[in-house]
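> Structure in structure tokens, see below.
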Amino acid sequence: MFLVMTCGYCNYGSQTGFSDKTSPLLTLPGDTPHTVFGKILRVHQTSDGGKRLDLKIHHMLRQGRPFAASGGLRLSVAESERRFMPGDEIAVRTRLRIPRRFGTPGEFDYPRYLADRGMQFTGFVPDDAGVAMIQRAKQAFWPRLRSHIGQLIDRSATSRDQAALIRALVIGDKDLLSRKQRQNLAQLGLSHLFSISGFHLGLVAMFGYFTMLAVVRSSEAFLLLVPPRRLLPCLLMPLLWCYLQMVGQALPVTRAWLAAVAVAALFWSRRCCQPARVALAVAGTILVAKPTALFTPSFQLSFAGVFGILILMPRWIGILPARPIFLRRIAQLGMVTTAAGIVTTPLVLWHFHMLAPAGLLINLWAGPVIGGIAIPVGLGGMLLSPLWPAAAGVCFRFMGVLVESVLKLSTKVPDLPLLAARKLYLPLPALLLISLMVAMLLLPWRKRHALLLAALLAALCLWPPSRPEQLRVTALSVGQGDALLVSDCRGRHYLIDGGGMAHSTFDTGERLVAPALGRLGIRKLTAVILSHDHPDHRNGLVHILKHFPVQAFWCAIPEKDLWPPLRKQLEDRHIPVRIFQPGWTLVEDTPALETAVFVPPQTMANFNDRSVVFYTRFRKDGILLTGDLESSGIDCLLKAWPSRPVSLLKLPHHGSRSSPVDLLLARFSPRQVFVSLGFDNPFGFPHRETLTSLEKYRLPLWRTDLHGTVAFDLKNGIWHVRSWQNGLFR
């Protein structure tokens, strides 16, 4: 174990960084397009008609001359109709960006995800016109056969959605699964069935074993030469290796193949070994070769499910009564699903924030139908594809109808009481308590464990909600946009805007804001406030309104004029909408705590000048959040401003020169100033004029693009500032 950990640790550094620290790619300016020459390693089709190309860079142009370079580039092509294959040599002109995290609690570690695939840069082109083909590769046998089967599936299926499901089950291609299909599978608890794994490899091994066993039994001499149980597992390995190449070498099926090799070796050498040790050896082998796999959901879920089954199933099988073998097998299938589901629950909540209790019931019958009928029919179609395409098409068509019928019937189960899927954004202490409860179930059972489980469950239910001592403002890093959380000592939480990216499928609400609220321990929101109707402020609020308890929605726009997706969520969740009129409105006014909203005249030509301003005060310290106000809006604010203290100021409009910061600084004399903006944004925010004004007043500027999420805590009249770094506020 020490050797495995040492090798993995040494190899991890080389996989997460540049193999050549002196690479000229590291010194290239990121704001200038560069011409890159490289070989395609992988091609991923996106559900919206684009492609993602993983390139191995070998040359670039500098002043019109090529020079050698090395690195990995993930190139996103927004609209693509051309056919690209692994091995193609291409040239593309794009900006090279080093991937970085936003710096928000609970966010997905995209740079580490790319490092796991050997990619150090990202690039973007709008269409195929920006990609030049240098040399077309000769497609290898397995990719060519996989492509042939995929095309046959597309022709045989009755719809694009059906073809995507069949592709996922037969050849492990999930690229064409739409966002809606992925969400539906997750809510039904069936995502694991549509990922090629050890279950699929086991079916191939079972059919291959019994076929070869029938052949061996036909020869008495062969039976006497080598016992089938020693020979046949070894003869199965080439067949399973071929299947591994066919389905793309995904980590779960690679894990299963390595385990099969280990088991075949044990049979051949007539040695006994505990299954858990085989699983540990396979995990160690994978981590030595690819240490970054440790942080991937597929590795964690795969091995957690395996160990859950290995530990819990022997205990549970003993309590099965003496029933017919068919009933016992059905009961065992339910036990396997339950055991894997229990152990993987903390990981699913950590990575996907999803709880799908209906999956335990649905898998009792959907698993046997899909695993026992649909997948074998699909494997039969795979074998027939090169020899008899017409018969293979019939297999795929029958498989598609069967899978769609299963999914259609399954969608009714979550409507039953307590079985509906839920998005759960939990704080770290809650996840730790759930993990301890699962660990308790894996230990040898003792009577006192019931009391410990009850105590952990009580602690989980009674864990106090997040509440600052006085006031707290959390500026979430969501790129070029605003998402601000204000919390007071009475446990009220106000979310002002939710970020958003125009013309992008990246949902800041789902990917950044909601996980951050969960990690910060926010269970419900007193009010969600929309400052103004621009995509970088409103788009992320849709997911928040859908999945968080919200007591009220505040804005200055008539409800009928709100963005349709936003209005739909308000209507579906029956969230009260409060529309503020121009001027100041006191929401709460006590000697210690005051909350107010200012609305500029909504007839201004510039939508930024219509931004709702949020103000709250604890005794002598006030917070002023100014939205995207520009010159006219700031003038209106200052003319209507009642005499109130401001010690924490959010710069308007991301630090633009169009918002005269001097007027705000001279009027309020804040002690802390922050701004929300995107890293290396194309607008040049914050502008030089804004920074000069802050330097004149000797005020430091906290920036979400450089510091990540920033939290301001008011304690005894002093603002304590922390920024999110390496998983903690520091």
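> With respect to Val673, is the statement that it is surrounded by fewer than 24 Cβ atoms within 10 Å (Cβ to Cβ) and part of a loop (DSSP other than H, G, I, E, B) true? First the steps, then the outcome.
Details: surrounded by fewer than 24 Cβ atoms within 10 Å (Cβ to Cβ): yes; part of a loop (DSSP other than H, G, I, E, B): no.
Taking the combined requirement at face value, the residue does not satisfy it.
> Please name all residue pairs, on different chains or six or more residues apart, with Cβ atoms under 9 Å, provided the first residue is in the range 117-140 and is in a helix (DSSP H, G or I) and the second residue is β-branched (Val, Ile, Thr).
Asp128/Val77; Gly130/Val77; Gly130/Val92; Gly130/Thr94
> Regarding Gly71, is this residue touching a residue at least 24 places away in the same chain (Cβ under 8 Å), at negative phi and surrounded by 16 or more Cβ atoms within 10 Å (Cβ to Cβ)?
Numbers: touching a residue at least 24 places away in the same chain (Cβ under 8 Å): yes; at negative phi: no; surrounded by 16 or more Cβ atoms within 10 Å (Cβ to Cβ): yes.
No, not satisfied.
> Only one of Ala164, Ala168, Ala186 is closer than 30 Å to Ala483 by Cα, of a type in the set (A, V, I, L, M, F, W, C) and in the same structural domain as Phe396 (by TED's automatic domain parsing). Can you tell me which? Reasoning before the result, please.
Details: Ala164 fails: closer than 30 Å to Ala483 by Cα; Ala168 fails: closer than 30 Å to Ala483 by Cα.
Of the residues listed, the single one that is closer than 30 Å to Ala483 by Cα, of a type in the set (A, V, I, L, M, F, W, C) and in the same structural domain as Phe396 (by TED's automatic domain parsing) is Ala186.
> What residue, of Arg667, Arg698, is farther than 23 Å from Ala483 by Cβ and assigned to a loop (DSSP other than H, G, I, E, B)?
On the way: Arg667 fails: assigned to a loop (DSSP other than H, G, I, E, B).
Of Arg667, Arg698, the one residue that is farther than 23 Å from Ala483 by Cβ and assigned to a loop (DSSP other than H, G, I, E, B) is Arg698.
> Pick from Pro368, Pro376: which is of a type outside the set (Val, Ile, Thr), in the same structural domain as Pro417 (by TED's automatic domain parsing), outside any loop (DSSP other than H, G, I, E, B) and touching a residue at least 40 places away in the same chain (Cβ under 8 Å)? Outline the logic, then answer.
Values: Pro368 fails: touching a residue at least 40 places away in the same chain (Cβ under 8 Å).
The conditions single out Pro376.
> Still on this structure, I have one more. Of a type in the set (A, V, I, L, M, F, W, C) and modelled with pLDDT under 95: is that true of Phe607 in this structure? Spell out the reasoning first.
Numbers: of a type in the set (A, V, I, L, M, F, W, C): yes; modelled with pLDDT under 95: yes.
Considered against the rule, which asks whether it is of a type in the set (A, V, I, L, M, F, W, C) and modelled with pLDDT under 95, Phe607 comes out as yes.
> So is Ile196 over 18 Å from the mean Cα position of the chain (by Cα), buried (at least 22 other Cβ atoms within 10 Å of the Cβ) and in a loop (DSSP other than H, G, I, E, B) or not?
Numbers: over 18 Å from the mean Cα position of the chain (by Cα): yes; buried (at least 22 other Cβ atoms within 10 Å of the Cβ): yes; in a loop (DSSP other than H, G, I, E, B): yes.
Yes.
> Conditions: (1) surrounded by 19 or more Cβ atoms within 10 Å (Cβ to Cβ); (2) farther than 30 Å from Ala157 by Cβ; (3) not β-branched (Val, Ile, Thr). Gly359 meets all but one. Number of the miss?
(2)
> Just checking, which of Pro324, Pro314, Pro346, Pro357 is over 30 Å from Arg446 (Cβ atoms), assigned by TED's automatic domain parsing to the domain that holds Ser410 and not basic (Lys, Arg)?
On the way: Pro314 fails: over 30 Å from Arg446 (Cβ atoms); Pro346 fails: over 30 Å from Arg446 (Cβ atoms); Pro357 fails: over 30 Å from Arg446 (Cβ atoms).
Answer to the check: Pro324.
> So which residues in the range 512-546 are over 21 Å from Arg490 (Cα atoms) and within 17 Å of the chain's Cα centre (by Cα)? Even if it seems obvious, please write down each step before you answer.
Of the residues in the range 512-546, the ones over 21 Å from Arg490 (Cα atoms) are 512-515, 530-546.
Of everything in the range 512-546, those that are over 21 Å from Arg490 (Cα atoms) and within 17 Å of the chain's Cα centre (by Cα) turn out to be Leu512, Val513, Ala514, Pro515, Gly540, His543, Ile544.
> Among the residues of the range 75-97, count how many are assigned to a loop (DSSP other than H, G, I, E, B), closer than 16 Å to Val36 by Cα and over 25 Å from the mean Cα position of the chain (by Cα).
The first filter runs over the range 75-97 and keeps only residues assigned to a loop (DSSP other than H, G, I, E, B), leaving 80-88, 96.
Next, from what is left, pick out any that are closer than 16 Å to Val36 by Cα: 87-88, 96.
Among the residues that remain, those that are also over 25 Å from the mean Cα position of the chain (by Cα) are: 87-88.
The qualifying residues number 2.
> Do you know which residues across the range 457-473 are crowded, with 17+ Cβ neighbours inside 10 Å and in contact with a helix residue (DSSP H, G or I) (Cβ under 8 Å, 6 or more places away or on another chain)?
Matches in the range 457-473: Leu460 only.
> Residue by residue through the range 286-309, note down the ones that are hydrophobic (A, V, I, L, M, F, W, C) and buried (at least 16 other Cβ atoms within 10 Å of the Cβ).
Step one: of the range 286-309, the residues hydrophobic (A, V, I, L, M, F, W, C) are 286-289, 293-295, 299, 301, 303-304, 306-307, 309.
Listed by number, the residues that qualify are Ile286, Leu287, Val288, Ala293, Phe299, Leu301, Phe303, Ala304, Val306, Phe307, Ile309.
> Can you tell me which residue within the range 630-647, out of those that are in a loop (DSSP other than H, G, I, E, B) and out of contact with any Asp or Glu (no Cβ under 7 Å at 6 or more places or on another chain), is surrounded by the fewest Cβ atoms within 10 Å (Cβ to Cβ)? Spell out the reasoning first.
Let us first name the residues in the range 630-647 that are in a loop (DSSP other than H, G, I, E, B), namely 630, 641-647.
So of that shortlist, the ones also out of contact with any Asp or Glu (no Cβ under 7 Å at 6 or more places or on another chain) come out as 641-644, 646.
Values: Trp641: 16, Pro642: 9, Ser643: 4, Arg644: 14, Val646: 18.
So the residue we want is Ser643.
> Given Ala450, Ala454, which one is assigned to a helix (DSSP H, G or I) and modelled with pLDDT under 90? Steps first, please.
Numbers: Ala454 fails: modelled with pLDDT under 90.
Going through Ala450, Ala454 in turn, just one is assigned to a helix (DSSP H, G or I) and modelled with pLDDT under 90: Ala450.
> In the range 396-406, how many residues are buried (at least 19 other Cβ atoms within 10 Å of the Cβ) and either out of contact with any helix residue (DSSP H, G or I) (no Cβ under 7 Å at 6 or more places or on another chain) or on the phi > 0 side of the Ramachandran plot (or both)?
0
> Taking only pairs six or more apart or across chains, which ones have beta-carbon atoms under 6 Å, a first residue in the range 622-633 that is in contact (Cβ under 8 Å) with a residue 40 or more places away in the chain, and a second residue that is among the small types (Gly, Ala, Ser) and surrounded by 24 or more Cβ atoms within 10 Å (Cβ to Cβ)?
Gly627/Ser531; Gly627/Ser611; Asp628/Ser611
> Quick check: is even one residue across the range 138-159 in contact with a Lys or Arg (Cβ under 6 Å, 6 or more places away or on another chain) and polar (S, T, N, Q)?
Yes, the range 138-159 contains at least one residue that is in contact with a Lys or Arg (Cβ under 6 Å, 6 or more places away or on another chain) and polar (S, T, N, Q).
> Looking only at residues in the range 466-491 that are out of contact with any strand residue (DSSP E or B) (no Cβ under 8 Å at 6 or more places or on another chain) and not small (Gly, Ala, Ser), which one is farthest from His503 (Cα to Cα)?
Taking the range 466-491 first, the residues out of contact with any strand residue (DSSP E or B) (no Cβ under 8 Å at 6 or more places or on another chain) are 478-481, 491.
Next, from what is left, pick out any that are not small (Gly, Ala, Ser): 478, 480.
Working: Val478: 16, Gln480: 13 Å.
Taking the candidates together, the pick is Val478.
> A further question follows. Just checking, which of Lys650, Lys620 is closer than 23 Å to His493 by Cβ and either of a type in the set (Asp, Glu) or crowded, with 21+ Cβ neighbours inside 10 Å (or both)?
After ruling out the rest, the residue left standing is Lys650.
> Further question on the same structure: Collect the residues in the range 51-68 that are touching a strand residue (DSSP E or B) at 6+ places or on another chain (Cβ under 9 Å) and surrounded by fewer than 20 Cβ atoms within 10 Å (Cβ to Cβ), keeping them in residue-number order.
Going through the range 51-68, the residues touching a strand residue (DSSP E or B) at 6+ places or on another chain (Cβ under 9 Å) turn out to be 51-62, 66-68.
Hits for the range 51-68 are Arg52, Lys56, His58, His59, Leu61, Arg62, Pro66, Phe67, Ala68.
> Which residue out of Gly393, Gly400, Gly381 is over 13 Å from Thr158 (Cα atoms), in a helix (DSSP H, G or I) and either out of contact with any Asp or Glu (no Cβ under 7 Å at 6 or more places or on another chain) or not assigned by TED's automatic domain parsing to the domain that holds Ala168 (or both)? Before you say what the answer is, go through the steps one by one.
Working: Gly393 fails: over 13 Å from Thr158 (Cα atoms); Gly400 fails: over 13 Å from Thr158 (Cα atoms).
Checking each option against the conditions leaves just Gly381.
> Moving on. Looking at Gly393, Gly378, Gly334, which one is surrounded by fewer than 19 Cβ atoms within 10 Å (Cβ to Cβ), more than 29 Å from Gly284 (Cβ to Cβ) and either at pLDDT 90 or above or of a type outside the set (Gly, Ala, Ser) (or both)?
Values: Gly378 fails: surrounded by fewer than 19 Cβ atoms within 10 Å (Cβ to Cβ); Gly334 fails: either at pLDDT 90 or above or of a type outside the set (Gly, Ala, Ser) (or both).
Step by step, each of Gly393, Gly378, Gly334 is checked, and only Gly393 is surrounded by fewer than 19 Cβ atoms within 10 Å (Cβ to Cβ), more than 29 Å from Gly284 (Cβ to Cβ) and either at pLDDT 90 or above or of a type outside the set (Gly, Ala, Ser) (or both).
> Of the numbered conditions (1) among the polar types (S, T, N, Q); (2) without any contact (Cβ under 8 Å) to a residue 60 or more places away in the chain; (3) crowded, with 18+ Cβ neighbours inside 10 Å; (4) not in a helix (DSSP H, G or I), Ser723 satisfies every one except a single condition; which is it?
(2) is the only condition that Ser723 fails.
The values are calculated or read from the model by the stated rules, or taken from the named source; none is laboratory data. Fair warning: this is a prediction, and the values are worked out from it, not measured in the lab. Glycine gets a Cβ as well: all are built from the backbone with ideal geometry, and neighbour counts include every protein chain shown.
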